[in-house]
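Read through the structure below, which is laid out as structure tokens, and then see the notes.
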Amino acid sequence: MEDLLQVGAITQPHGIHGEVKVFPTTNDVKRFNKLKEVILDTGKEKIILEIEGVKFF
């Protein structure tokens with residue numbers, strides 16, 4: 001069994017460079033600055049994605 005922590009949910013794409021908007025489901029949004037990789041759970045498979053940058057709005 002994997003112990004995973006959900007830190008956000010993708011709400012929509014943003015721009016043309018593969019960026020997405022994420023609704024945070026964590027109390028500490030500064031956590032996104034420390035992340036290097038995330039696991040995207042599509043329901044069928046889990047994909048490891050590298051985070052290139054973070055912007056706060």
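The values are calculated or read from the model by the stated rules, or taken from the named source; none is laboratory data. Since we're looking at a predicted model, the values are computed, not measured. Methodologically, a virtual Cβ is constructed for each residue, glycine included, from the backbone with ideal geometry; neighbour enumeration extends over all protein chains shown. Side chains included, ligands, DNA and RNA excluded: accessible areas come from the protein's heavy atoms. Shrake-Rupley method; radii C 1.70, N 1.55, O 1.52, S 1.80 Å.
Scanning the chain for residues that are touching a Leu at 6+ places or on another chain (Cβ under 9 Å) and open to solvent by 90 Å² or more (accessible area, probe 1.4 Å) yields I10, E37, D41, K46, I48.
Screening I47 on (1) touching a strand residue (DSSP E or B) at 6+ places or on another chain (Cβ under 8 Å); (2) in a loop (DSSP other than H, G, I, E, B) shows it passes everything except condition (2).
For F56, the conditions (1) in a strand (DSSP E or B); (2) out of contact with any Lys or Arg (no Cβ under 7 Å at 6 or more places or on another chain) all hold with the exception of (1).
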